[in-house]
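Everything on this sheet refers to the single structure shown next.
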There are 2 protein chains.
Amino acid sequence: MLRIGEVAARAGVSVRALRYYEEQGLLEAERSASGQRRYAESAVGRVQFIQQLYAAGLNSKDVLEVLPCVHTGVATPAMLARLVDQRDGIDRQIAELTQARARLDEIIRIGQEHVPAVAAS
Amino acid sequence: MLRIGEVAARAGVSVRALRYYEEQGLLEAERSASGQRRYAESAVGRVQFIQQLYAAGLNSKDVLEVLPCVHTGVATPAMLARLVDQRDGIDRQIAELTQARARLDEIIRIGQEHVPAVAAS
DNA sequence: GTTGCCTCTGACGTCAACGTGAGGTCCTAG
DNA sequence: CTAGGACCTCACGTTGACGTCAGAGGCAAC
């Protein structure tokens, strides 16, 4: 059983974030006799996945819809539809990012042509 | 010369957003005699690129650093370094998204196995 | 037993990218 | 010449994911 600081350090987030996740129903913790949170080892991976979903543009409500499937491995048809929606959203984001990356890349290429004296090895 | 509503409609953003971009120094506009903004045709593409950069996780300050290179086609070595940094950031984001997508995908796959009676064609 | 770090519960602060009126002006179609 | 959109400038409101501070208690070491 891990304490909150330990989980935060391992998952690379703040202690405040973990309390916030609990507030949002994203993360459960047992309590010690004195009321301190105790986490299972699996909490670290769970938190990292939550971070990934946030990074993918989901809000905490979306994450809340997705997470039960992760834990139970079971999904209702409605949940599956949501999951597919979220995956499609991520696909669109990846496509946009790829396009933005390509544009940035071309800007860099042009920039290097115009200032070639420095990087020429 | 386009009016603000026209640019907003074509670029798929709000009028308020365009004023905000101007406020942040991201987008310039001439003014008519009565003070109304008049945009060049190129503003539409510029706005769309700004949106892509926002979607890529850049804030307006970052965008402000990147945009001059787009317009002039010239970049100082420092600017080039920033551009490369931003591109690397986008690469990291794409990697994260791809990983999140893979995890979602597996959840969907497992979910479909557990509820096969519906989707079976 | 006390020092020093960890944790607790509120509860207000923050920051970016706009949203949303208020109150007034412009413009163009009929 | 007037009705009604589109546009203008303030300027406050919103939202999500935390940051941060206050005041109090917990825990392991010395």
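Computed quantities for the displayed model
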{"item": "For A:R16, inter-copy label distances in nm, listed shortest first [label point 7 Å out on the Cα-Cβ vector]", "result": "2.6"}
{"item": "Exam field: B:V74 pseudo-label spacings to other copies (7 Å along Cα-Cβ), nanometres", "result": "6.7"}
{"item": "Using alpha carbons only: equivalent-ellipsoid semi-axes of chain A, gyration tensor based, whole Å", "result": "39, 22, 10"}
{"item": "Chain B, rotation onto A, residue closest to that axis via Cβ, with its distance in Å", "result": "B:I94, 3"}
{"item": "Cβ-vector label at 7 Å, B:E106, separations to other copies in nm", "result": "3.7"}
{"item": "Over the stretch A:75-114, equivalent-ellipsoid semi-axes from the Cα gyration tensor in Å", "result": "38, 5, 4"}
{"item": "Accessible area (Å², 1.4 Å probe, nearest 10) - A:H71", "result": "140"}
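The values are calculated or read from the model by the stated rules, or taken from the named source; none is laboratory data. Source: prediction; values computed, not measured. All Cβ positions, glycine included, derive from the backbone under ideal geometry; neighbour counts span all protein chains shown. Note: accessible area is taken over every heavy atom of the protein model, side chains too, but ligands, DNA and RNA are not part of it. Shrake-Rupley method; radii C 1.70, N 1.55, O 1.52, S 1.80 Å.
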